[in-house]
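One structure below.
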Amino acid sequence: LFFDVVIYTMWLKRRTSWSIALGGIAGGMPILAGRVLGMGQVDRIGLLLAMAVLLWIPIHIITFSIKHAADYRRADVPVFPNTHGVRAARRIICMSTAAAVVVMALTARLLGLAPGSVYFVYGLSALLLGFTVMTMMRNSPKKNFVLFKLASIYMLSSMLAIIIGT
């Protein structure tokens, strides 16, 4: 909570576009804390789940900041599309997506989920990555908005698959 409110929101958000990477650490903490509470210790699955959230956050936030870049500029909040350009922002989205889906798929596999749940996560991962690459190659505001929504559906569905698959 301290990291999210003080470090990310009060200190970094108006200073650097990289704040989302550091703020993502705070975003991954609830899932890590829940895993620690359930398991009684920090383990690799908890760290991987936290990392999946950390890597997912740029997909979600940067797609949103592309859509609202002018608003962020007027508010003097540095976001990737305004500080590094939309093309660089899309590359970051693509790299973050690739890393997030690999981590989520690995987590599903390591958890020993029911095969259907593992394949469901694999399929969702392939869908998100494929759409991300397509959006990078042939972008439009509509595709960008769909990617923003798809990223949220991906994370929710992957987490539900993990819950159901265990």
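The values are calculated or read from the model by the stated rules, or taken from the named source; none is laboratory data. Fair warning: this is a prediction, and the values are worked out from it, not measured in the lab. So basically every Cβ, Gly included, is an ideal-geometry build from the backbone, and we count neighbours across all protein chains shown. We work out accessible area using only protein heavy atoms, side chains counted, and drop any ligands, DNA or RNA first. Shrake-Rupley method; radii C 1.70, N 1.55, O 1.52, S 1.80 Å.
For the chain, treating each Cα as an identical point scatterer without solvent, what Debye log10 I(q)/I(0) comes out at q = 0.10, 0.15, 0.20 1/Å?
-0.38, -0.83, -1.27
Could you derive backbone 3J(HN,Hα) for segment 22-36 from the dihedral phi with the Karplus parameters 6.51, -1.76 and 1.60 (θ = phi - 60°), listing whole Hz in sequence and x where the residue is Gly or Pro?
Ordered by residue, 3J(HN,Hα) equals 6, x, x, 4, 5, x, x, 5, x, 6, 5, 4, x, 5, 4 Hz.
Hey, any idea what % of the chain's accessible area is carbon plus sulfur with a 1.4 Å probe?
On the way: 6370 of 9090 Å².
Of all accessible area on the chain, carbon and sulfur atoms account for 70 percent.
Ignoring ligands and nucleic acids, what accessible area does Lys13 show with a 1.4 Å probe (Å², nearest 10)?
80 Å²
Which residue, Met29, Thr166, Tyr8, has the largest displacement toward the positive end of the dipole of the chain when charges sit on each Cβ (Lys, Arg +1; Asp, Glu -1)?
Towards the positive end, the residue furthest out is Tyr8.
At q = 0.27 Å⁻¹, what is the base-10 log of I(q)/I(0) for segment 101-143 according to the Debye formula with one equal point scatterer per Cα and no solvent? Please give it to two decimals.
Log10 I(q)/I(0), no solvent term: -0.84.
Specify the residue with the greatest mean-square fluctuation among Met104, Met95, Met51, computed from a Gaussian network of the chain linking alpha-carbon atoms under 10 Å apart.
Of Met104, Met95, Met51, the Gaussian network model singles out Met95 as fluctuating most.
If you build a Gaussian network model of the chain, linking Cα atoms that sit under 10 Å apart, which residue out of Thr135, Thr107, Thr16 swings the most?
Thr16
Whole-Hz ³J(HN,Hα) for each residue in segment 47-64, computed from phi via Karplus 6.51 cos²θ - 1.76 cosθ + 1.60 with θ = phi - 60°, x for glycine and proline: what do you get?
5, 5, 5, 5, 5, 4, 5, 4, 6, 6, 4, x, 4, 5, 6, 6, 4, 5
Can you sort Arg90, Arg74, Arg109 by 1.4 Å-probe accessible area, starting with the largest? Write down the numbers at each step before the final one.
Details: Arg90 25, Arg74 175, Arg109 150 Å².
Sorted by accessible area, descending: Arg74, Arg109, Arg90.
How high is the relative contact order of the chain, given as a whole-number percent (alpha carbon pairs under 8 Å, six or more residues apart)? Each step should come with its number before you reach the end.
Details: 202 pairs, mean separation 37.1, N = 166.
Relative CO of the chain lands at 22 percent.
Quick one: putting +1 on the C-beta of Lys and Arg, -1 on the C-beta of Asp and Glu, what dipole do you get for the chain around its Cα centre, in Debye to the nearest 20?
Values: 16 positive and 4 negative charges, 124 e Å.
Using Cβ point charges on Lys, Arg, Asp and Glu, the chain gives about 600 debye.
Give me the accessible area of Val6, 1.4 Å probe, in Å² rounded to the nearest 10.
50 Å²
Find the accessible area per residue for segment 14-54; the probe is 1.4 Å, ligands and nucleic acids are left out, and the unit is Å². Walk me through the numbers before you get to the answer.
Details: 2290 Å² over 41 residues.
On a per-residue basis, segment 14-54 sits at 56 Å².
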